[in-house]
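J.: Below is a structure I'd like to ask you about.
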Amino acid sequence: MAGGGFLPLFTECTAAEVGQRTVLHSDLNNFFASVEIARDPSLAPFPVAVCGSIEERHGIVLAKNQLAKAFGIKTGEPIGNALGKCPQLKIVEPHYDDYEEISHRVRKVYAGYTDLVESFGIDECWLDVTGSEYLFGSGEEIAHRIRKEIFRRENITVSVGVSFCKVFAKLGSDMKKPDAVTVITRDGFKDKIWGLPVGEMLGVGPATERKLAERSVRTIGQLAATSPRLLSSYFGKVGRMLWAYANGLDASPVHPIGYQDEVKSVGHGATPSADMVCDEEVESMLVGLAIDVGHKLRRYGLRAAGVAVAIRDNALCVREFSCRMPRPTQSAIVIAEEAFKLYCRSYDRSRPLRSITVRAIDLAPRDAPRQLDIFEPSEQEDRSIRLHEAMDDIRERFGRHAIVPANTLTREKIKDFGFGAINPANSLRQ
């Protein structure tokens, strides 16, 4: 899969400054579908799609195996469309706990070769094995060892790219699937990748690819040959970054196990069982979402000075609004109130809403100095925080449904979401 919106930490450099690194990118093939087939081997001869629940309005394809791909089935399309393309398609529900567990075990395999293992989602990782070659052989040999070990342990296949930088290692893992190793060397990368469509490169999503095509830049080689100053005039600093990527001038480090980026925002979103058609339903949803957001802020030791609300209507049009809050806070009550006010003054209610997301933005450490309000003593918010911490404890001890907002209990569309879940795997970090 070509990289779209995400760009890893980037350091532009000269060719000499890149250094003699050996970087792998490991991509578990058709991960969700592969896990389901490993769980039930009788599915192996059939096209398989892992899909969300139709009853809960998540009836889309989340993942598919190679046989399903041959029918043109794509991630994100409705189940009905997929069955139209392939009536014999086997539909299975996702088992996220299994995916998390197997992903964790696979990372233990990587850790046996290097401590420089950087996650790129649940099924992808970069590994810097430069210092490991003395013990385990060349980067290509290490890649084959990893591929065979994962298959032996988990019965799932993996594609591995081997190169001298993260961008080309990622490109290599995408070039040959499934169950393959692709090497892109410093001396031979121009012949191997410059003829590929520019959209295959990390950082070039569909919108950027269209804009480049409008300027007659359709291959990675053409991108590499374009003036970086001209690209900067089109795309700002991202333009120069993409030029450097295409030329292999990327010294971005592979971060060690356990490294975490600075949290820029925390949020939570949900799609109810039916469209939200009135403000009361939206308000109930925002309260539930804000409880989860407030918990994440407390877990990270942060306060938010702003809030953002993203809505998707029943025509699948997405809009996002944001504003500053009166004061930095961790309080779910304040976040919900400000989010609802923002929604009320920003959205024209022209269509029912299919889904909604709340994000806390403009974050700062909880203990950072802040201006107090003489008309609203800080003790009031402190009491609110202690209340929410007590609710967190109750959910942790007795389950996420043990205590929920009262106004969600009467809303059939949203009452089963179990707001306030405190599983770290559910957190949204950007």
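J.: Return a yes/no flag: does region 80-87 have any residue that is in a strand (DSSP E or B) and touching a strand residue (DSSP E or B) at 6+ places or on another chain (Cβ under 7 Å).
T.: No, region 80-87 has no match at all.
J.: How many residues, within region 283-332, are part of a strand (DSSP E or B), charged (D, E, K, R) and touching a residue at least 60 places away in the same chain (Cβ under 8 Å)?
T.: Adding up the residues that qualify gives 1.
J.: Separate question: Suppose the filter is under 25 Å from Cys278 (Cβ atoms), surrounded by 16 or more Cβ atoms within 10 Å (Cβ to Cβ) and of a type in the set (Phe, Trp, Tyr); does Phe340 pass it?
T.: For Phe340, the condition - under 25 Å from Cys278 (Cβ atoms), surrounded by 16 or more Cβ atoms within 10 Å (Cβ to Cβ) and of a type in the set (Phe, Trp, Tyr) - is met.
J.: If you don't mind, another one. When you look at Ile156, is it closer than 20 Å to Asn29 by Cβ, part of a helix (DSSP H, G or I) and more than 20 Å from the chain's Cα centre (by Cα), yes or no?
T.: Criteria not met by Ile156.
J.: A follow-up question, please. Quick check on region 249-280: of everything there that is under 25 Å from the mean Cα position of the chain (by Cα) and among the small types (Gly, Ala, Ser), which residue is surrounded by the fewest Cβ atoms within 10 Å (Cβ to Cβ)?
T.: Gly258
J.: Moving on to the next point. Hey, among the residues in region 27-74 that are surrounded by fewer than 16 Cβ atoms within 10 Å (Cβ to Cβ) and among the hydroxyl-bearing types (Ser, Thr, Tyr), which one's modelled with the lowest pLDDT?
T.: Only one residue fits best here, namely Ser53.
J.: Moving on. Among the listed residues Ile102, Ile142, Ile91, identify the single one that is modelled with pLDDT of 95 or more, closer than 16 Å to Glu36 by Cα and either crowded, with 18+ Cβ neighbours inside 10 Å or not assigned by TED's automatic domain parsing to the domain that holds Val23 (or both).
T.: Testing whether each residue is modelled with pLDDT of 95 or more, closer than 16 Å to Glu36 by Cα and either crowded, with 18+ Cβ neighbours inside 10 Å or not assigned by TED's automatic domain parsing to the domain that holds Val23 (or both) leaves just Ile102.
J.: Which is out of contact with any strand residue (DSSP E or B) (no Cβ under 9 Å at 6 or more places or on another chain), in the same structural domain as Met276 (by TED's automatic domain parsing), surrounded by 14 or more Cβ atoms within 10 Å (Cβ to Cβ) and modelled with pLDDT under 90, of Arg327, Arg370, Arg395?
T.: Just one listed residue meets the conditions, Arg395.
J.: Return a yes/no flag: does region 410-429 have any residue that is modelled with pLDDT of 65 or more, surrounded by 12 or more Cβ atoms within 10 Å (Cβ to Cβ) and of a type in the set (Val, Ile, Thr).
T.: no
The values are calculated or read from the model by the stated rules, or taken from the named source; none is laboratory data. Everything quoted here is computed from the prediction, not taken from an experiment. Please note: Cβ atoms are built from the backbone with ideal geometry, for glycine as well, and neighbour counts cover all protein chains shown.
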